[in-house]
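The values are calculated or read from the model by the stated rules, or taken from the named source; none is laboratory data. Please read these numbers as outputs of a predicted model, since none were measured by experiment. Glycine gets a Cβ as well: all are built from the backbone with ideal geometry, and neighbour counts include every protein chain shown. Surface areas here come from the heavy atoms of the whole protein model, side chains and all, with no ligands, DNA or RNA. Shrake-Rupley method; radii C 1.70, N 1.55, O 1.52, S 1.80 Å.
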Amino acid sequence: MSDTSSPAASQAPRATLAYPVSERQEIVEDHFGTAVADPYRWLEEDVRVSPKVRQWVSEQNALTESYLAALPGRAAFARRMTELFSYERFGVPEKKGGRYFYSRNTGLQNQNVLYVREGLDGAPKMLIDPNTWSADGATALAEWAPSEDGKRLLYSVQEGGTDWRIVKVLDVDSGTILPDEVHWVKFSNIAWAKDGSGFFYSRVPEPKAEQQFQSLNENHAVYFHALGTAQTQDRLVFAQPDRPKLSNVVQVSDDGQWLIVTSSEGTDDRYEITLIGLGASHAAPLRFVTGLENNWSYVGNLGDTFYWITNKDAPRLRIVATDIRRPVSEAREIVGEDRSTLEGASLVGGRLIASYLTDARTEVRTFTPDGKRLGEVALPGIGTAAGFSGEVDDAETFFAFSTYNVPTTIYRYDAESGRIAAWAEPKVAFDPNDFAVEQRFYRSKDGTRIPLFLVRRKDLDPAKRHPTLLYGYGGFNVSLTPSFSSTNLAWVEQGGVYAVAILRGGGEYGKAWHDAGRLANKQNVFDDFIAAAEYLVEEKVTSPQQLAIYGRSNGGLLVGAVVNQRPDLFAAALPAVGVMDMLRFDRWTAGRYWVDDYGHPDRAADFRILRAYSPYHNIRSGTRYPAILATTADTDDRVVPGHSFKYAAALQAAETGDAPKLIRIETRAGHGSGKPTEKVIEEYADMWAFIAAHTGLEVEAAPAARR
């Protein structure tokens, strides 16, 4: 790999691309006195319904495939990713009735398989293998939950990446699938009644057939399904028909005496809490928290004392306790707000286990139920820990730990003694010590201090600039923390640098950090990302001719927006499953929830902000753009693919230089969850080969890190 400051297009195909013709329609609408053109609105139609859109997708994929097939690094990336994925992976176990339920993947299985053990050291028994469900591996096992006695298992089926779920029941002893089957479940917990008589779930009304992947999600309601009955007999437990935009998600309290219904209207952590008694009296629902003002997340309970995480009077969150027979205003502080951000808590073995983010890295602390500090959980290093669920009267719990150069290891933790032991350790085809992980900080445009993680091979010459991939998200209170990725490691092994910017809009530093990157402050997110790129150039990590950027979903919006604002700063861009039309995002499926972060397109003040950065509406014809490979899936019903379709059509029609503007459209893949391993490898091999060709990364068949 050479150190160069000249454009690195020599590895990319030189032929001028003949883009498919995308019909332009004369659609111009008035928005608060501003004329807005939308010439590619026809591309919003569902590919399953519209032959015209289906033909457009076919032509675009044919062009993209012909381009990618000529890239020299494609096969090498795919081959190495296949090797890096080929290690045994485990999920965090869940203990019920003395049985341990967990997921496992031998390495290259398209979907994780669910197992159970009788006792901690019992022989593994396979319960569910979703790899047998479809020929293309795109039907996945999604949520699952064992009954309290461990004799039954609730599980949901995800077809082709959709957000819809079909819930089924398995008899653990016999392996028999029971006749019970529940449809039209979406954005739902699945929660057993403690006596195993049935389960609670949330659903929306069945949509019209032609609208099931695009219609708005409204009238979300909680139901109870009694085992052995048809779904038509399910009992409506909780609904708010006068407030159709509310989502209502259910939990069963630790003691089984209460339902906790958490209601929200958007993506913000602003909840109402309704408690419903499950005793014989069936008292009227108790509206415990009203007003959609603060985060109230159930931690656990000891009798009538309920523990909650809340951001009320604590932007970085705290733990409080309430007597459910008394007003929530009388909540007692148990663990006060800290300089670090409280991310989660559980009540296990008579102790509170609380996870914190300190500069986007996990710390775990333990407390007595009255808030006395006991100590910390000794994590293996700087990284991300997740799990710690369990029972109030059982000290045993499990957690997963990973970081950028260490795959997920599962640990068993005894909350009483503090002892930690590895339960499942991966054996991988690389040496983690070959890679350096570093955290730095830089200043954004307004002076805000922003964290940045850098991952690279230790043997890279620090005096040279290197092809670099910069990743970001910056939205919806989502925290980016160190985690392992076989696909990212394949980039780093080849001599590329991987950088992650911790942008405002996320949850890493609490509510204020989130608020600073949403609504009228959304431009801060783009400024933070641009400043990260400028920092990498100023510090001679890379150059604009060697810098690629990548983001998914809200991160796809991020990439689209910053390319429009600073096309000179990047050599290549990968906007994936992005929200690209900021004036119509709230018209499909889950889009209406996103107004909490983005604002309302039908309100004048919000419209002006959205119009100013909407990727689809701000493409600068006549300006030289970097190479762009947009990615989406034709069956994505979270961020509908019309966003990326319209964006790609507009890019190809504009005069933005000779660098390619392509779109890769996956089939039966959805927004990302449940995607088969095979499809993941194919997608990332394509993306990394594309950016390698445009950043000057010389892809070797046997990268230095494994010699």
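Across the range 26-63, the residues whose backbone nitrogen lies under 14 Å from the label position 7 Å along the beta-carbon direction of Ala604 are 31-34. Between the range 106-173 and the range 407-478, the C-alpha centres lie 30 angstrom from each other. The C-alpha atoms of the chain define a longest principal axis, and helix 51-69 lies at about 70 degrees to it. Taking 0.36 nm per residue of separation and subtracting the Cα-Cα distance, full extension of the segment from Glu376 to Thr106 would add 93.9 nm.
If you take the alpha carbon atoms of the chain and fit the smallest convex hull around them, that volume is 155 Å³ per residue.
Restriction of the trypsin sites (Lys or Arg not before Pro) in the range 492-579 to DSSP coil positions whose beta-carbon has at most 15 other beta-carbons within 10 angstrom yields Lys540.
Surface analysis of the range 510-589 yields an accessible area of 23 Å² per residue, using protein heavy atoms and a 1.4 Å probe.
Phi-derived couplings, Karplus 6.51 cos²θ - 1.76 cosθ + 1.60 at θ = phi - 60°, listed residue by residue for the range 335-344: 10, x, 4, 10, 5, 7, 8, 6, 9, x Hz, with x used for Gly and Pro.
Two numbers describe the Cα atoms of the range 63-164: Rg and Dmax, which are 17.6, 56 Å. Our analysis of the range 494-615 gives Rg over Rh at 0.99, with the two radii drawn from alpha carbon positions and Rh computed by the Kirkwood formula.
Share of carbon and sulfur in the accessible area of the range 565-707 stands at 43%, probe radius 1.4 Å. In this structure, the amide hydrogen of Val478, modeled 1.01 Å from its nitrogen in the peptide plane, lies closer than 5 angstrom to those of Gly507, counting only residues at least 5 positions away or on a different chain. The long axis of helix 642-653 is offset from the longest Cα principal axis of the chain by roughly 10 degrees. When you filter the trypsin sites (Lys or Arg not before Pro) in the range 13-51 for DSSP loop state and at most 14 other Cβ atoms inside 10 Å of their Cβ, you are left with Arg14, Arg24, Arg48. Taking a ≥ b ≥ c as the square roots of the eigenvalues of the alpha carbon gyration tensor, the range 204-289 is oblate, as a/c is not under 1.5 and a/b does not beat b/c. The sum of -39500 (n - 2.57) across all DSSP H runs of n ≥ 4, divided by the residue count of the chain, sets its helix-only mean residue ellipticity at 222 nm to -5000 deg cm²/dmol. For the range 289-335 and the range 30-104, compute the distance between their C-alpha centroids and round to whole Å. Using only Cα atoms to place each centre, the spacing works out to 40 Å. Cβ-Cβ distance of Glu333 and Gln251, R₀ of 22 Å, FRET efficiency by 1/(1 + (r/R0)^6): the value works out to about 0.45. Using 0.36 nm per residue and subtracting the Cα-Cα separation, the extra length available between Leu292 and Asn433 on full extension is 46.0 nm.
When the solvent-accessible area of the range 20-80 is split by element, carbon and sulfur atoms take up 56 percent of it, the probe being 1.4 Å. With the simple model of a label 7 Å out from the Cα in the direction of the Cβ, Ala226 to Glu678 spans 4.4 nm.
Straight-line reach from Lys540: taking Cα to Cα under 16 Å and skipping same-chain neighbours fewer than 8 places apart, the aspartates and glutamates in range are Asp3, Glu438, Asp461. When you filter the chymotrypsin sites (Phe, Trp or Tyr not before Pro) in the range 19-127 for DSSP loop state and at most 16 other Cβ atoms inside 10 Å of their Cβ, you are left with Phe32.
Please list 3J(HN,Hα) in residue order for the range 533-547, calculated via the Karplus relation 6.51 cos²θ - 1.76 cosθ + 1.60 where θ = phi - 60°; whole Hz, with x for glycine and proline. These are the phi-based 3J(HN,Hα) values: 4, 5, 4, 4, 6, 5, 7, 6, 6, 8, 9, x, 7, 10, 10 Hz.
Normalising the Debye intensity of the range 95-242 to I(0), with uniform scatterers on Cα atoms only, and taking log10 at q = 0.09, 0.18 Å⁻¹ returns -0.30, -1.12. Taken over the range 626-669, the percentage of Cα pairs per 10 Å bin, counting from 0 up to the bin with the maximum distance, is 29, 50, 19, 2.
For Trp423, the amide hydrogen comes within under 5 Å of the amide hydrogens of Ile410, Tyr411, Arg412, counting only partners 5 or more places away or on other chains and with H modelled in the peptide plane. Using a 7 Å offset from the Cα along the Cα-to-Cβ direction at both Lys208 and Phe32, what is the distance between the two label points in nm, to one decimal? Distance between label points: 3.1 nm.
Rolling a 1.4 angstrom probe over the range 368-462 with all protein chains present gives an accessible area of which 45% lies on carbon and sulfur atoms.
Only lysine pairs 8 or more places apart or on separate chains count here, and in the range 165-310 those with Cα atoms under 22 Å apart total 5.
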